[in-house]
Amino acid sequence: MKRQILTGCILMSFLLGRLVTFAQNRTDFQVWPGVSLKLDLPKKWAFTVQYRTRIIDNASYYKGSYIFTTAEYQLNKHFEAMANYRLAMVDEGVYYRYFLGVAAKVKVGDFTLMVRPAIQYQSQRFTADDEIRTDTDTYFRPRFTVKYKLSKRWDIYTYAEPFFAINSSKTKIDNWQNSIGLKYEYLKNQRLNPYFIWQPDYSHKKYQLTNYIAGLDIEFSVKPFKYFKRQKKVSTPSHPRSQWPPN
């Protein structure tokens, strides 16, 4: 009898613990649509502008707008440096984010493996009814990516990226972003990028939040200087070698 009572108490304690844990865990489904334009520039430079919005609270509430600008430089075949600025105009205020990173990649058959460590500094400006306050955060963001070329037009990729919050006392994982996505080139230099993100968020003290995100980016890329060079070449008249161009 005592053994049965003890077993029952242990079982009840376990169930209550699971209920408390479940109550402390929260989930949210979000939708992130976006569009971007990439300029392939001379001398291994590239510049990208992107707009994205977020719909949160189980896809029922418009969070705000996000504008990204990214400059990239191809150091060599395997290494690339990048700098990014993001302006977030959201319901609770304005966020300014600065990002510096270096990517190392290698191709193994149809696979591309990439490691990209980066440092992010973020400044938040919160607007309340009677005051304006600011806050800053710094993160270390190593991303590990695997991409596979399915065909000439289709790529599939996945990555894992922990966000390490850096402060004066200690460094801890603030959140963890895991993603899988496809890239489809439906026209030359035009791609669709549907993706899914699973993002556990450990930044809240009283509960753990897990975000499930469905996103779609429409990506355009152009080589403007190549176009201008071709136009200039077409518009320049040709002359025999023995003659000077007319006045």
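The values are calculated or read from the model by the stated rules, or taken from the named source; none is laboratory data. Just so it is clear, the model here is predicted, and its values are computed rather than measured. Ideal geometry is used to build each Cβ from the backbone, glycine not excepted, and the neighbour counts take in all protein chains shown.
Laid out as a table, the results:
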item	result
Condition check for ILE197: crowded, with 17+ Cβ neighbours inside 10 Å, among the β-branched types (Val, Ile, Thr) and over 18 Å from TYR121 (Cβ atoms)	yes
For THR145: the one exception among (1) within 25 Å of TYR184 (Cβ to Cβ); (2) among the polar types (S, T, N, Q); (3) surrounded by fewer than 16 Cβ atoms within 10 Å (Cβ to Cβ)	(3)
Subset of region 152-193 (residues that are of a type in the set (S, T, N, Q) and surrounded by 16 or more Cβ atoms within 10 Å (Cβ to Cβ))	ASN175, GLN177, SER179, ASN193
Residue in region 29-45 that is within 30 Å of SER203 (Cα to Cα), surrounded by 14 or more Cβ atoms within 10 Å (Cβ to Cβ), basic (Lys, Arg) and modelled with pLDDT of 55 or more present	no
Pairs, first at pLDDT 95 or above in region 122-147, second part of a loop (DSSP other than H, G, I, E, B) and surrounded by 13 or more Cβ atoms within 10 Å (Cβ to Cβ), C-beta under 7 Å, six or more apart	PRO142/PRO117
Pick from region 103-113, criterion in a strand (DSSP E or B) and either free of Cβ contacts under 8 Å to residues at least 24 places away in the same chain or in contact with a helix residue (DSSP H, G or I) (Cβ under 8 Å, 6 or more places away or on another chain) (or both), ranking: farthest from GLN74 (Cα to Cα)	VAL108
Condition met for PHE22 (closer than 30 Å to LYS206 by Cβ, at pLDDT below 95, surrounded by fewer than 16 Cβ atoms within 10 Å (Cβ to Cβ) and among the aromatic types (Phe, Trp, Tyr))	yes
Qualifying residue in region 76-92 (condition: within 22 Å of VAL35 (Cβ to Cβ), β-branched (Val, Ile, Thr) and part of a strand (DSSP E or B))	yes
Any hit, region 180-193, residues being hydrophobic (A, V, I, L, M, F, W, C), touching a residue at least 60 places away in the same chain (Cβ under 8 Å) and more than 23 Å from ALA71 (Cα to Cα)	no
